[in-house]
Amino acid sequence: MSPRGSRHLACDALVRIEDGAYSHVIVPSMLRSSNLSMRDRAFVTELVYGTLRSQLRLDEMLAPHCRRKIASLDPGVRAALRIGAHQLVVGVPAHAAVAETVEASPSRARGYVNAVLRALSAAGPPWPEPTNPAVALSYPDWLVDQMISDLGADDALAALAASNESGAVALRPNPRRTTSDELEQELLGSGAQVERGRLLSDALVIRGAGDLGALPAVASGRATPQDQASQAVIAYAAPTAGMRVLDVAAAPGGKATATAELVGDDGLVVALDLDEGRLRLIREAAVRLGLANLLTAQADGRSLPVAAESFDIVVVDAPCSGLGALRRRPDLRWRVDQDALAPLADLQVALVLEAAAAVRPGGKLVYSVCTPTAIETTGVAARVIEALPSFTVLPTSVPWRPHGPGGLILPQDAGTDGMFVLGLQRGK
């Protein structure tokens with residue numbers, strides 16, 4: 001497919017994302033159904049994700065050259081203008097950034113797209129640096145203000161900047177079928193760039209491997225793509241051979257399968273989720289990884305169909321705003337509404353309190369969310385600690401930074417998602 005074809009696919013993806021599709025779902029799906037080379041697939045991914053990450057700044061740059069407000073344009077025209085502006089900002093030669101993007105734009109609007117992008121290309125570089133942090137980093141004002149309030153300016157702005165970087169992905173070796181050393185050598189032999197994880201030494205951070213699902217190690221169940229911060233939650237929970245573990249709100253299953261690998265054939269992992277379609281993903285992963293000890297069931301986490309005090313560990317990786325995962329899901333910044341945080345926190349508290357009843361005496365309750373917002377982290381922690389007097393708080397240690405009664409990993413710590421964890425132990 002030609003460069004025009006690549007840009008056309010990128011524009012189409014942006015239109016579909018604006019219409020409600022999720023970037024981390026629609027982009028891989030569109031690429032799999034294309035005939036693009038690996039190089040062009042990487043180009044499309046950068047175009048889409050880079051444009052989403054810098055959308056607010058791009059709109060401000062485009063505004064002086066448009067006769068109409070960006071928001072009033074047809075979605076296809078808006079997508080083409082943003083993609084063209086993004087290319088100019090990252091240094092793509094103007095003739096390619098403009099001409100090829102014009103060819104990929106809606107035919108009826110090519111004259112307009114051409115005029116706007118040519119006017120913008122004549123204005124720089126250098127490009128003006130916005131003084132407003134929200135525009136400079138391209139986030140909604142409320143989100144920047146919320147992060148600064150919750151984390152302090154230095155950590156908040158560093159986290160937002162790190163979330164604008166396209167980080168590498170991590171693989172989790174399946175200890176039942178391989179070792180980190182064996183997997184590392186195999187990946188290096190395939191030409192991929194591999195390094196050990198900064199949070200977990202067994203995790204393998206990988207670049208240049210293309211579609212991870214097509215890797216022999218993944219396809220054969222010897223490894224699973226999983227962000228290091230998510231892997232760190234299960235390392236903190238520390239399941240061991242023979243344990244019974246309940247995973248509430250378990251889909252898409254990364255933590256459940258990691259746990260099942262560790263508890264072994266004499267152990268049991270029960271993965272629950274409200275969405276039957278997402279439970280199918282867990283079952284498929286269990287088959288791929290050879291995990292007969294992983295069972296699934298459809299259930300509402302606010303009314304668990306399990307016996308009281310019957311599990312050694314209960315994990316609640318709760319639905320949340322996802323604002324720690326903006327590195328992988330850049331469109332979330334434009335989807336999440338500030339008013340959604342309080343209802344999410346209420347749901348999280350309800351899930352944790354219901355899950356607590358399933359923890360055996362001496363057992364552990366682990367709560368995690370991939371967001372740093374105070375209302376969903378320390379706020380939820382304070383509420384559940386007060387409501388569970390028979391539980392004591394478990395300490396956290398490296399790689400977790402202390403955060404209230406729990407631990408926090410921020411994106412700038414190791415190029416991962418942001419993650420909060422709280423551990424509680426029921427009295428014996």
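Brief remarks follow.
- Residues ILE70, ILE282, ranked from the fewest to the most other C-beta atoms within 10 Å, line up as ILE70, ILE282.
- For the stretch 169-225, the relative contact order is 45 percent, taking Cα pairs closer than 8 Å that sit 6 or more residues apart in sequence and dividing their mean separation by the residue count.
- Charge tally in the Cβ shell below 12 Å around PRO130, where Lys, Arg are +1 and Asp, Glu are -1, PRO130 excluded: -2
- Sequence of HIS86, HIS65 once ranked by neighbouring C-beta atoms within 10 Å, starting from the fewest: HIS65, HIS86
- In terms of its alpha-carbon gyration tensor, the stretch 169-225 comes out rounded; the largest-to-smallest axis ratio a/c stays below the 1.5 threshold.
- Rounded Å value of the spacing that divides the Cα centres of the stretch 103-173 and the stretch 247-311: 38
- A straight Cα-to-Cα reach below 21 Å connects LYS428 with the lysines LYS364, residues fewer than 8 places away in its own chain not being considered.
- Amide H contacts under 5 Å for ARG244, placed H, 5+ residues apart: LEU268, ASP312, ILE313
- This ranking places THR178, THR131 by how few other beta-carbon atoms lie within 10 Å of each, fewest first, which gives THR131, THR178.
- Candidates ASP145, ASP266, ASP346: whichever shows maximal mean-square fluctuation once the chain is modelled as a Gaussian network with Cα springs under 10 Å: ASP266
- Net +/- balance of residues flanking ARG302 in space, Cβ distance below 13 Å, scoring K and R +1, D and E -1: -4
None of the figures in this text is laboratory data; all of them are computed from the coordinates on show. All values derive from a computational prediction rather than experimental measurement. Methodologically, a virtual Cβ is constructed for each residue, glycine included, from the backbone with ideal geometry; neighbour enumeration extends over all protein chains shown.
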